[in-house]
Amino acid sequence: MGVLSFDDTGYGDELLIGASVTVKLAVYSFIIAFFLGLVLSSMALSRNVVSRWLWKALASVMMGVPSILVVFFIYYNSSLILEQIFGASPEITPFIAGVTGLAIVYSVYVGEAIRGAVINTDRGQFDAAQALGLQRWMMWFYVILPQVFRLALPGLTNIWMVVLKDTALISMVGLSDLVRVADVAAAVTKQPFIFYLFVGFAYIVFSSATMLIARQIEKRLNRGQPLASGF
Amino acid sequence: MTLDFVLAWEIFPALLNGAYVTLSVMIPCLVFGMIIAVPVALARLSTNVVIAGLAWFFSMFFRGVPALVLIYMIYNGFATIEFVRETALWSVFSEAYYCAVIGFTFNHAGFLVEILRGAFQSVPMGVREAAHSLALPRHLAFFRVTFPLAIRYGFSNYTNELVLFLKGTAAIGAITMLDLLAVANAAVSTTYDPFTPLVCAAFIYWAMVQIVLVGLGRIEIKLNKHLAPAS
């Protein structure tokens, strides 16, 4: 196991840095996707036909195309697009392209999950909020959305798992994430199984850890529900 | 940054060739994945703790590890084992194609196990009891009653997994396979047009996903004919 040590001969430190890149990539992508998804779900639920039509087109495209293709597209094209609009563009690193691509693709899945949850929220809650004379934003933020997250949470947890695993693909754009580091280490040391199995189990540990957190959040969001499972 | 229709026309045959490679990896995986997944799903439901535990580990491992890591492990890993290099196995593990098929078969099987398990579990207890009370032998009760119903319950999940799987195959470019995404990327670097090849590839992916969705949607409607509202 000397190859996994943290000194100059081992790859332990490199793998740790790679893992932190992977986690950062996944967390940033998911947070941005979450807020974009909230906006998209309001588009999907809008009474405006054009905005609903736009949502349908966007959802169909993003759900029908591999996320890594979107990342490649952004990596190659975004600086050109930004230059055309603003006249200048920051350097688009593989990390930025990865976060942007994953955030855009998965915002559509988040939007769909939240849309479904809003539709499944009891209509009486909307009526009750109106009967109390709450303003629209108060109705959404104090009454509806807290209940929506209870219903959307299982879907959101699934999306997080998929985002986490999709970060592996970003190594194809040249990002030095966990997979890329392991790939290099495997080639140099000629001991590929140790490194790939290490990475594989690292991904399993990441997703199991988030499962535990998700279960805690679920418990909190389900408080006060009659006959909640777990009793 | 506009769509170059002349270029699109020129590279379209190459892209379709790439799509053919994508499908040629995917279709054997669907068959082998199902062959592996059915017994593992049954093992997962076994009352024997050891068998059920092993099956649980199988599905947890292959769902948790990103497909890219899996195919790297198979393609780069087995090549370092002397025993593999010196026997007939080498003709399998030296070919990127077979490595991609093996890797994605197990990845797909991992998800199929969970879909099948859910489908078997959603067959109502009463139906199985009815089969039992009719004195149907166990195997007949399974093949004539439980299994056909399970197919119906699991079908929409299977459609989802098929779409995710089709998009996931974009990873095989990393082990030198010239699939749809890899052909598009190659066209980007030879033509210096970062826009047209990727948009064309995205369109082909999207079209393939729509074919899966529409085709399997039709089958699902047929399977659930008895639930359709009377018209």
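The values are calculated or read from the model by the stated rules, or taken from the named source; none is laboratory data. Just so we're clear, the structure is a prediction, and the values are computed from it rather than from any experiment. We place every Cβ from the backbone using ideal geometry, glycine too, and count neighbours over all the protein chains shown. Only protein heavy atoms, including side chains, enter the accessible area calculation; ligands, DNA and RNA are left aside. Shrake-Rupley method; radii C 1.70, N 1.55, O 1.52, S 1.80 Å.
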Report task. Can you tell me which residue among B:32, B:78 is within 14 Å of chain A (Cβ to nearest Cβ), in a helix (DSSP H, G or I) and not polar (S, T, N, Q)? Result -> B:78
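Yes or no, residue by residue, for (1) in contact with a helix residue (DSSP H, G or I) (Cβ under 6 Å, 6 or more places away or on another chain); (2) open to solvent by less than 60 Å² (accessible area, probe 1.4 Å):
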residue	(1), (2)
A:108	yes, yes
A:112	no, no
A:122	no, no
A:131	no, no
A:137	no, no
A:143	yes, yes
A:152	yes, yes
A:164	yes, yes
A:180	yes, no
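State whether the residues of region A:72-81 include one that is β-branched (Val, Ile, Thr) and within 14 Å of chain B (Cβ to nearest Cβ).
There is at least one residue in region A:72-81 that is β-branched (Val, Ile, Thr) and within 14 Å of chain B (Cβ to nearest Cβ).
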**Report entry** Qualifying residue in region A:140-149 (condition: in contact with an Asp or Glu (Cβ under 9 Å, 6 or more places away or on another chain), under 30 Å from residue B:80 (Cα atoms) and either within 12 Å of chain B (Cβ to nearest Cβ) or in a helix (DSSP H, G or I) (or both))
**Finding:** no
Query raised in the report: Which one of these is within 17 Å of the chain's Cα centre (by Cα), away from every other protein chain (no Cβ under 14 Å) and in a helix (DSSP H, G or I): B:24, B:59?
Result: B:24
Query raised in the report: Of all residues in region A:30-58, which are over 13 Å from the mean Cα position of the chain (by Cα), of a type in the set (Phe, Trp, Tyr) and either buried (at least 16 other Cβ atoms within 10 Å of the Cβ) or in a loop (DSSP other than H, G, I, E, B) (or both)?
Result: A:55
Query raised in the report: residue B:87 passes all but one of (1) within 25 Å of residue A:189 (Cα to Cα); (2) modelled with pLDDT of 95 or more; (3) not aliphatic (A, V, I, L, M); which number fails?
Result: (2)
Query raised in the report: Scanning for something under 27 Å from residue B:170 (Cα atoms) and touching a Cys at 6+ places or on another chain (Cβ under 9 Å), does region B:81-95 turn up at least one residue?
Result: yes
Query raised in the report: Which of the residues that make up region B:182-201 are open to solvent by 30 Å² or more (accessible area, probe 1.4 Å), more than 10 Å from every other protein chain (Cβ to nearest Cβ) and either of a type in the set (Gly, Ala, Ser) or more than 12 Å from residue B:7 (Cβ to Cβ) (or both)?
Result: B:186
Query raised in the report: Does region B:1-30 hold any residues that are free of Cβ contacts under 8 Å to residues at least 40 places away in the same chain and either under 21 Å from residue B:195 (Cβ atoms) or open to solvent by 100 Å² or more (accessible area, probe 1.4 Å) (or both), and which are they?
Result: B:5, B:6, B:9, B:10, B:13, B:20
Query raised in the report: In this structure, is residue A:92 among the β-branched types (Val, Ile, Thr), within 27 Å of residue A:20 (Cα to Cα) and surrounded by fewer than 20 Cβ atoms within 10 Å (Cβ to Cβ)?
Result: yes
Query - Among the residues listed as A:61, A:27, the single one being modelled with pLDDT of 95 or more, assigned to a helix (DSSP H, G or I), under 28 Å from residue A:165 (Cα atoms) and touching a helix residue (DSSP H, G or I) at 6+ places or on another chain (Cβ under 8 Å) - result: A:61
Report task. Restrict the check to region A:9-23 and report whether at least one residue is of a type outside the set (A, V, I, L, M), exposed (fewer than 13 other Cβ atoms within 10 Å of the Cβ) and not in a helix (DSSP H, G or I). Result -> yes
**Report entry** All positions within region B:31-60 that are closer than 24 Å to residue A:67 by Cα and open to solvent by less than 30 Å² (accessible area, probe 1.4 Å)
**Finding:** B:33, B:59
Requested in this report: Looking only at region B:61-87, count how many residues are within 23 Å of residue B:43 (Cβ to Cβ) and open to solvent by 40 Å² or more (accessible area, probe 1.4 Å).
Outcome: 1
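Filter region B:103-157 down to residues that are touching a residue at least 40 places away in the same chain (Cβ under 8 Å) and either over 21 Å from residue B:65 (Cβ atoms) or part of a loop (DSSP other than H, G, I, E, B) (or both), then give me how many there are.
Of the residues in that region, 6 qualify.
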